[in-house]
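Novice: Dropping the structure in here first, questions after.
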Amino acid sequence: MTTAASLPAVAPAARERTRHLLIALGTPLLGTFIGLLIGAIMIVLAGDDPLVIYQTMFLGAFGGGRQLTETILQASPYLLIALGLTAAFRARVWNIGAEGQYYMGALAAGATALLLPGVPGYFMIPIMMVLGAAGGAVWAFIPGILKTRRGINEIISTLMLNYIAILLVQYMARGPLQDPQGFLPQSAQLVNADRLPLLFGSRIHLGVLIAFLFVPIIYLLLWRTPLGFWLRAVGSRASVVRYAGVNVDRMILFAITFSGALAGLAGILAVSGDGFRLKGDISNGYGFDGVLIALLGRMHPVGVMVAAIFFAALTVGAQAMSVVSQLPASLASAIQAVVVLSVLATDAAVHRGRD
Amino acid sequence: MSQAGMPVLQMRGIVKRFPGVVANAGIDFDLLPGEVHALLGENGAGKTTLMNILYGMYAPDSGEIWLRDRRVSIASPHAAIALGLGMVHQHFMLVQPFTVAENIVLGQPSPREPFNENSRDLHKRLDALSQKYGLAVRPDSPIWTLSVGEQQRVEILKALYRGAEVLILDEPTSVLTPQEADELLAIISRLAREGKSVVFISHKLGEVLAASDRITVLRDGKVVGTVAARETDKQALACMMVGREVVLSVTKTPAHPGETRLALHNVQADSDRGLPALRGISLEVRSGEILGIAGVDGNGQRELEETIAGLRVTTGGSIVIGGQDTTNTSPRQTGCCGLAHIPSDRYRMGMLGDFTVAENLMLQRLGSPPFTQHGWLQWDNVRQAARELVTAFDVRTPSVDTLCGNLSGGNAQKVVLARELARAPRVLLAAQPTRGLDVSAIEYVHRKLIEQRDGGVAILLISTELDEILSLSDRIAVIYEGKIVGLVDAGEADVNEIGLLMAGQSRQQGHLREDRVPQEAL
C-alpha cells in the first residue's frame, strides 16, 4: 500500500499496452519453443532425428489441403469447448465437466436423430443443435445450482458428473440405442438428413463454421455487452458486483450453463459431423483438453483459437509421425504435454519476474 | 534531543525503487539512544518501505545501514532480530489460542529445551520485563482473552524478550481506542526512559507531537526535514508533509436538518460467523445532517453498513430509506430509493482493481442508456461520462483507461466518491470514507461530505477515527457490541465520555441523554 501507491507515476497507457501485447504474444511462443526443444531431446532418446520428425508432423498438419482440412476438423470441437470454458473461467467458474457435457450433448442430439427418422434435414439439424446444446447446458446447470444454492465446489461436482455422463452414453450405446443390426457398442448410422451439411465441396461441415463463428461471438459477448462485463467483473471480485446491485448467482449460473451448452454443441459434431453414429467412446478427452486450451489461449477468444489449432495440429501431426517413423504415437502425446507445461511455466516465470 | 552521544542507528542515502516508483530516494535517518524518533509522512511517502528495509524485508538498491559503529547488511527479519531490532506491525502476528508466553517463545531459534522450557522461569522473566516497562500483561493469559491494546503490548514484550534495543512501531495507534492510544504513548516514553530507542511511524500529527523527541518528515520518498518535537506544531508539520498549507480543521456551518431520510427500527443482523452482530439498532438520519457512528472496529460497523446497503440479511427490525421500506431487499433496490454507498472496504467492495477508471466510475449505470444501447455497451459514451467525472472530482489519473488498481489510495477513493455522488443521492452511507488516505485526500473527502450535507443529503458516517466523527458529525452515536450505547449532539460531545462508551465502560456523569442510552450500557 505505502510503497507503490501514491505517486501518480503510471507509465503512458499506449506504451504500456504495446509492452503487454509483446509479452502476451512472446511468452507462449517462447514456451512453445522450449517445449519443442525438450520434445526434441525425447525424440533423440527414442532414437530418431527431431528435425525430420518435426517436419513430418508439421507437413502432416499443414502440408496441404487435405492435411489442413483434417486439422481444422480436429480443431472444431476443441474450439467450441474451450470458447465456452473461456466465458466460464472469466467469471472464475471452474467448469471441469466439459467432457460430460460434451457426452450429454452428443447423446441428446444422437437420440433425437435416431428417434425421429424421416424428418427433413432443414428441420432436423436445428432441432439437434438446440437439443444437443440443451443436453450440455442441463448437465452444467446441475453443478451450477448446487454451487449457488448449496455452496458446493463446482470443480468436484462437474468432475464427478463427467463419469456419470460417460457411463450413461456407454450404456445407451450398448443398450437401448444400440444398432439392432450390429454387435459393436454403437448406434445405427444416422440418415443423411441428420448429418451436418458439408461446405465448400470439402469435408468441412456446418459445425466447423459454427465453431469458428463463436470466436467473434464470444469476444463481443465478453467485451461489448453488459452481461459479459458482469461475467468478467464476477471473476475479478464477486463482492463488488454484488455491491453494484447485480445478482452474482445468476451470473455464475449463466457462465456454467453457457459453457455446458457449447460443450454440448461440440458433442453434436462427433455424432452428426463425423462418424454419424452415437458411440461409447466419442471423445478423445476433448473436454479435458478444452480446459488446457482455454488456459493456454489465456481465456481470450483469439488466443483460444490459436491454441485449439495448435492442439489439433499436434494430434494430426502425430498421426503422420506414426505412419512415417517407428516412434510410438504416445510420444506425440508426451510432446503435447511437455509443450503445454512449458508454455504455462514460461508464463508463470515471466509474470513472477514482473511482480 | 533527549540524549547526546553516538546514534544507535544510522541509515545513509537509502534508495529503493519499485517498478515505476522511487519509494525511497536517498533517505538519511538516525536514531539516538533513548530517543523516540517519529517518522511522519503521508501514505506512499516511503515510511514503511524504509522500515521494511531496516527490518530486512527488502534489500535497498543503494545506501548504508550502521548500527552503532558497525556497518551491517540485513538480509532478513531474522537477521534484524539478531542485531537487536524489533518491529511491531500494524497487524499482530499472534496465535490466538496460545498463551502470551507460548506466543513469545514460538519460533524462537533453538531454545535449549524446546519442549521442556522451564515455564516458571520464563514466566518470571516475562513478568519482570513486563513490569520494568509497564506493559501489564500476564504471561499465562491466552491471546484470545486479551483486548487489542493488550495484544499490541504482547508484541512489544515479544520484541523486548528477543533482545530488541531498537523498537519499530508501525502505525501503532491505528487500531486502538483513544484511551488505549494514550496508554501506549505512556509506554513508549517509558521504554525510552529505560534506554530503548523507538522509531514511531505515524501519520497522525497529534500523537507524533505528544510522544516523540524528534520528528523526521518524509514526502515522495525524500526527507523534508528533521525537527525537534518541542520546536514545531501541527500546522508546520502538516505543511511539511503535504508541501503546502493545509486546512486541518473542518469548517462547517450549523446543520439545518429536514425530514427523516433514513430510519432504522430495532435492526438485527448476524455476523459472517452467524453470531448476532447487530442487536437492535434504532437510528434516524435527517436530510441535511451528518450522523456519525463512533466505535472501535469490529463492534458491528461492517454489519450495520451492509445491512443498510441491502448486502446483508436483516434478522429483525426494519429499514426505511426515503420513505420506502428496504428491509431485506437488494443493493439495486436501496440504490433506487436514493442510497449512495461509500463502502468501508474499497478493494473488496468499492471498485474492481483490474478494471479501468471509466468502468469503475460507471459501475452501476453501465447497463442502462446511454451506456448500453440495443444491448451493446457504448464504450465511447462510458469514457466521455467518465472523463467529465474525472475532471469534476479532480481524479489524478493518466487516463480513464488506466486500471483502478494503479491509482493511489486517495485517487481510488475519489473514483468511488465521484461515482456515488454522481448518482445524486438522497441518503449517503459513508463507511470509513478516509481509511488509508493521506492528509490532503482526507481534507478533500471531508469537504465533499460537508458539501453534500449542505445540499440536503442525509449522511450516515461510520468511522473508527474518532477525530473524523467529532469534526464532521452533527450528532454522534456510539456503537458497542452491536448496540447504540449513546447518542449525543456534536456540540455537547465530550471525547472522554465517548471514548469510555466505545470501550464498553459504563456511562459516567455527563451530557449523554439518559433516555437514549439503552439499559445495558448503564
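Novice: Can you tell which of A:51, A:29, A:45, A:79 is touching a Phe, Trp or Tyr at 6+ places or on another chain (Cβ under 8 Å) and modelled with pLDDT of 85 or more?
Specialist: Numbers: A:51 fails: touching a Phe, Trp or Tyr at 6+ places or on another chain (Cβ under 8 Å); A:29 fails: touching a Phe, Trp or Tyr at 6+ places or on another chain (Cβ under 8 Å); A:45 fails: touching a Phe, Trp or Tyr at 6+ places or on another chain (Cβ under 8 Å).
Residue meeting the stated conditions: A:79.
Novice: So the check is Cβ under 8 Å with 6+ separation or different chains; which pairs have a first residue in the stretch B:309-324 that's in contact (Cβ under 8 Å) with a residue 12 or more places away in the chain and closer than 13 Å to residue B:260 by Cβ and a second one that's in a loop (DSSP other than H, G, I, E, B) and charged (D, E, K, R)?
Specialist: B:321/B:426; B:322/B:426
Novice: Consider residue B:256 carefully, then state whether it is free of Cβ contacts under 8 Å to residues at least 60 places away in the same chain and either within 23 Å of residue B:448 (Cβ to Cβ) or not assigned by TED's automatic domain parsing to the domain that holds residue B:324 (or both).
Specialist: On the way: free of Cβ contacts under 8 Å to residues at least 60 places away in the same chain: yes; either within 23 Å of residue B:448 (Cβ to Cβ) or not assigned by TED's automatic domain parsing to the domain that holds residue B:324 (or both): yes.
Taking the combined requirement at face value, the residue satisfies it.
Novice: Moving on. Taking only the stretch B:330-347 into account, find how many residues are closer than 13 Å to residue B:419 by Cβ and either without any contact (Cβ under 8 Å) to a residue 24 or more places away in the chain or touching a His at 6+ places or on another chain (Cβ under 9 Å) (or both).
Specialist: Qualifying residue count for the region: 1.
Novice: Within the stretch B:429-436, can one find any residue that is in contact with a His (Cβ under 7 Å, 6 or more places away or on another chain), in the same structural domain as residue B:261 (by TED's automatic domain parsing) and crowded, with 20+ Cβ neighbours inside 10 Å? Break it down stepwise before answering.
Specialist: First, the residues of the stretch B:429-436 that are in contact with a His (Cβ under 7 Å, 6 or more places away or on another chain): B:429.
Within this subset, residues satisfying the condition of being in the same structural domain as residue B:261 (by TED's automatic domain parsing) are B:429.
From what is left, the residues that are crowded, with 20+ Cβ neighbours inside 10 Å are B:429.
Within the stretch B:429-436, one or more residues are in contact with a His (Cβ under 7 Å, 6 or more places away or on another chain), in the same structural domain as residue B:261 (by TED's automatic domain parsing) and crowded, with 20+ Cβ neighbours inside 10 Å.
Novice: So is residue B:197 hydroxyl-bearing (Ser, Thr, Tyr), surrounded by 22 or more Cβ atoms within 10 Å (Cβ to Cβ) and touching a residue at least 24 places away in the same chain (Cβ under 8 Å) or not? Break it down into steps so the answer makes sense when it comes.
Specialist: On the way: hydroxyl-bearing (Ser, Thr, Tyr): yes; surrounded by 22 or more Cβ atoms within 10 Å (Cβ to Cβ): yes; touching a residue at least 24 places away in the same chain (Cβ under 8 Å): yes.
Considered against the rule, which asks whether it is hydroxyl-bearing (Ser, Thr, Tyr), surrounded by 22 or more Cβ atoms within 10 Å (Cβ to Cβ) and touching a residue at least 24 places away in the same chain (Cβ under 8 Å), residue B:197 comes out as yes.
Novice: Additional query: If you take just the strands (runs of 3 or more DSSP E) that sit entirely in the stretch B:4-73, which of them hold at least 2 residues that are within 13 Å of chain A (Cβ to nearest Cβ), under 27 Å from the mean Cα position of the chain (by Cα) and surrounded by fewer than 16 Cβ atoms within 10 Å (Cβ to Cβ)?
Specialist: Values: elements: B:9-18, B:21-31, B:36-41, B:62-67, B:70-72.
By residue number, B:9-18.
Novice: Within the stretch A:56-95, can you find the residues that are within 18 Å of residue A:161 (Cα to Cα), assigned to a helix (DSSP H, G or I) and among the β-branched types (Val, Ile, Thr)? Can you show your working first?
Specialist: We begin by selecting, within the stretch A:56-95, every residue within 18 Å of residue A:161 (Cα to Cα); these are A:81, A:84-85, A:88, A:93-95.
Now restrict to residues that are assigned to a helix (DSSP H, G or I): A:81, A:84-85, A:88.
A:81 - this is the single residue of the stretch A:56-95 that is within 18 Å of residue A:161 (Cα to Cα), assigned to a helix (DSSP H, G or I) and among the β-branched types (Val, Ile, Thr).
Novice: Look through B:473, B:463 and report the one residue that is among the polar types (S, T, N, Q), in contact with a strand residue (DSSP E or B) (Cβ under 6 Å, 6 or more places away or on another chain), closer than 30 Å to residue B:242 by Cβ and surrounded by 19 or more Cβ atoms within 10 Å (Cβ to Cβ). It would help to see each step written out before you state the result.
Specialist: Details: B:463 fails: in contact with a strand residue (DSSP E or B) (Cβ under 6 Å, 6 or more places away or on another chain).
When all the criteria are applied, what remains is B:473.
Novice: Further question on the same structure: Using the structure shown, decide if residue A:24 is closer than 22 Å to residue A:217 by Cβ, more than 14 Å from chain B (Cβ to nearest Cβ), part of a helix (DSSP H, G or I) and at pLDDT below 85.
Specialist: Working: closer than 22 Å to residue A:217 by Cβ: yes; more than 14 Å from chain B (Cβ to nearest Cβ): yes; part of a helix (DSSP H, G or I): yes; at pLDDT below 85: yes.
It is true that residue A:24 is closer than 22 Å to residue A:217 by Cβ, more than 14 Å from chain B (Cβ to nearest Cβ), part of a helix (DSSP H, G or I) and at pLDDT below 85.
Novice: Go through (1) surrounded by 18 or more Cβ atoms within 10 Å (Cβ to Cβ); (2) under 27 Å from residue B:443 (Cβ atoms); (3) more than 10 Å from chain A (Cβ to nearest Cβ) one by one and return the number of the condition residue B:387 breaks.
Specialist: (1)
Novice: A follow-up question, please. Among A:240, A:215, which is of a type outside the set (Gly, Ala, Ser) and under 19 Å from the mean Cα position of the chain (by Cα)? Give the steps one after another, and end with the answer.
Specialist: Details: A:240 fails: under 19 Å from the mean Cα position of the chain (by Cα).
Testing whether each residue is of a type outside the set (Gly, Ala, Ser) and under 19 Å from the mean Cα position of the chain (by Cα) leaves just A:215.
Novice: I'm checking my understanding of the structure. Among residues of the stretch A:96-117 that are touching a residue at least 40 places away in the same chain (Cβ under 8 Å) and not in a helix (DSSP H, G or I), which one is surrounded by the fewest Cβ atoms within 10 Å (Cβ to Cβ)? Explain how you work it out, then say what you get.
Specialist: Residues of the stretch A:96-117 touching a residue at least 40 places away in the same chain (Cβ under 8 Å): A:96-111, A:113-114, A:117.
Then keep just the ones that are not in a helix (DSSP H, G or I); that gives A:96-97, A:117.
Working: A:96: 21, A:97: 35, A:117: 12.
Among those that are touching a residue at least 40 places away in the same chain (Cβ under 8 Å) and not in a helix (DSSP H, G or I), it is A:117.
Novice: Select from the stretch A:145-193 the residues that are part of a helix (DSSP H, G or I) and of a type in the set (D, E, K, R) and write down the one among them that is surrounded by the most Cβ atoms within 10 Å (Cβ to Cβ). First the steps, then the outcome.
Specialist: Here is the first cut: in the stretch A:145-193, the residues part of a helix (DSSP H, G or I) are A:145-150, A:154-174, A:192-193.
Filter once more, keeping what is of a type in the set (D, E, K, R): A:147, A:149-150, A:154, A:174.
On the way: A:147: 21, A:149: 10, A:150: 8, A:154: 23, A:174: 16.
Here the residue is A:154.
Novice: Right, another one. Taking the stated definitions as given, is residue B:366 modelled with pLDDT of 95 or more, within 14 Å of chain A (Cβ to nearest Cβ) and in contact with an Asp or Glu (Cβ under 8 Å, 6 or more places away or on another chain)? Can you show your working first?
Specialist: Details: modelled with pLDDT of 95 or more: no; within 14 Å of chain A (Cβ to nearest Cβ): yes; in contact with an Asp or Glu (Cβ under 8 Å, 6 or more places away or on another chain): yes.
In short, no.
Novice: Another question, if that's okay. Only one of (1) surrounded by fewer than 19 Cβ atoms within 10 Å (Cβ to Cβ); (2) of a type in the set (A, V, I, L, M, F, W, C); (3) more than 22 Å from the chain's Cα centre (by Cα) is not met by residue A:223, so which one is it?
Specialist: With (1) surrounded by fewer than 19 Cβ atoms within 10 Å (Cβ to Cβ); (2) of a type in the set (A, V, I, L, M, F, W, C); (3) more than 22 Å from the chain's Cα centre (by Cα) applied to residue A:223, the lone miss is (3).
Novice: Among the residues of the stretch B:348-378, count how many are surrounded by 17 or more Cβ atoms within 10 Å (Cβ to Cβ), of a type in the set (Phe, Trp, Tyr) and without any contact (Cβ under 8 Å) to a residue 40 or more places away in the chain.
Specialist: Total meeting the criteria: 1.
The values are calculated or read from the model by the stated rules, or taken from the named source; none is laboratory data. Worth saying up front: this structure is predicted, and the values here are computed from it rather than measured. Cβ coordinates were reconstructed from backbone atoms using ideal geometry, including for glycine residues, and neighbour counts include every protein chain displayed.
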